[in-house]
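Trainee: Sending over a structure as structure tokens; questions will come in a sec.
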Amino acid sequence: MKQSILLEGAKFQITIKRLCQQLIENHGDFSNAVLIGIQPRGTYLAKRIQKEIANITGHQVQLGVLDITFYRDDFRMKGASPLAANSTVIDFIVDNKDVVLIDDVLWTGRTIRSAMDAMQAFGRSGKMELLVLVDRRFSRQIPIQPDYIGIQVDSIDSQKVIVSWEEVDADDSIVLVTEKKPV
């Protein structure tokens, strides 16, 4: 197995700060915007974004976490392993708000489609945007594109992108994993 480090350390932090600056440019004081982290791994990025925006602007942005387990199109597929559901915590109204969905990796687009479906239960947002740390281009199965991108990675389906978070994985990094083919 070959591992290529795509981002780590100071560059990882700079990427998050850049994403925050882009959000601030578009949403100002966030009086009409909320952040929604997609469970499980998008929540780490969402919390980091919320904290960094507060450090830069002094404004506390509303943050929710969204579980999409029961909205996934593969939830009831025969042979699919059962998924453990996480909690959803959205304790504010999203009607007419700008909702920024946040996830760590955008691959096929199916997770984001599920998140958009799940968000309908919480009201009708004014606008919905997508922020991802990693955009795996060329792998979309659904026509979904992010509004804010940390890094873009050109990868094939047999490769994996692994995002590690200091909070749970001991360090911040993005690694591209390639399985070596038997000779």
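Trainee: Given (1) charged (D, E, K, R); (2) over 16 Å from the mean Cα position of the chain (by Cα); (3) at pLDDT 80 or above, where does Asp67 come up short, assuming only one miss?
Mentor: Unmet condition: (2).
Trainee: Kindly list, by first and then second residue, each pair from a residue in segment 96-124 that is assigned to a loop (DSSP other than H, G, I, E, B) to a residue that is open to solvent by 30 Å² or more (accessible area, probe 1.4 Å) and polar (S, T, N, Q), limited to pairs with Cβ atoms under 8 Å and residues at least 6 apart or on different chains.
Mentor: Here the result reads Asn96/Asn32; Lys97/Asn32; Thr108/Gln141; Gly109/Gln141; Arg124/Asn96, each pair linking segment 96-124 to a residue that is open to solvent by 30 Å² or more (accessible area, probe 1.4 Å) and polar (S, T, N, Q).
Trainee: Which members of segment 27-61 meet the condition of being open to solvent by 30 Å² or more (accessible area, probe 1.4 Å), free of Cβ contacts under 8 Å to residues at least 60 places away in the same chain and over 18 Å from the mean Cα position of the chain (by Cα)?
Mentor: Result: Gly28, Asp29, Ser31, Asn55, Ile56, Thr57, Gly58, His59, Gln60.
Trainee: Further, regarding this structure: Scan segment 6-14 and tell me whether some residue there is in contact with a Phe, Trp or Tyr (Cβ under 8 Å, 6 or more places away or on another chain), modelled with pLDDT of 95 or more and either surrounded by 19 or more Cβ atoms within 10 Å (Cβ to Cβ) or in a strand (DSSP E or B) (or both).
Mentor: Narrowing segment 6-14 to residues in contact with a Phe, Trp or Tyr (Cβ under 8 Å, 6 or more places away or on another chain): none.
Within segment 6-14, not a single residue is in contact with a Phe, Trp or Tyr (Cβ under 8 Å, 6 or more places away or on another chain), modelled with pLDDT of 95 or more and either surrounded by 19 or more Cβ atoms within 10 Å (Cβ to Cβ) or in a strand (DSSP E or B) (or both).
Trainee: Among the residues of segment 113-127, is any open to solvent by 30 Å² or more (accessible area, probe 1.4 Å) and under 27 Å from Phe12 (Cβ atoms)?
Mentor: Scanning segment 113-127 turns up no residue that is open to solvent by 30 Å² or more (accessible area, probe 1.4 Å) and under 27 Å from Phe12 (Cβ atoms).
The values are calculated or read from the model by the stated rules, or taken from the named source; none is laboratory data. Not measured: the values here are computed from a predicted model. Don't worry about glycine lacking a Cβ; one is built from the backbone with ideal geometry, like all the others, and counts go over all protein chains shown. Ligands, DNA and RNA are excluded from the accessible area calculation, which covers all protein heavy atoms including side chains. Shrake-Rupley method; radii C 1.70, N 1.55, O 1.52, S 1.80 Å.
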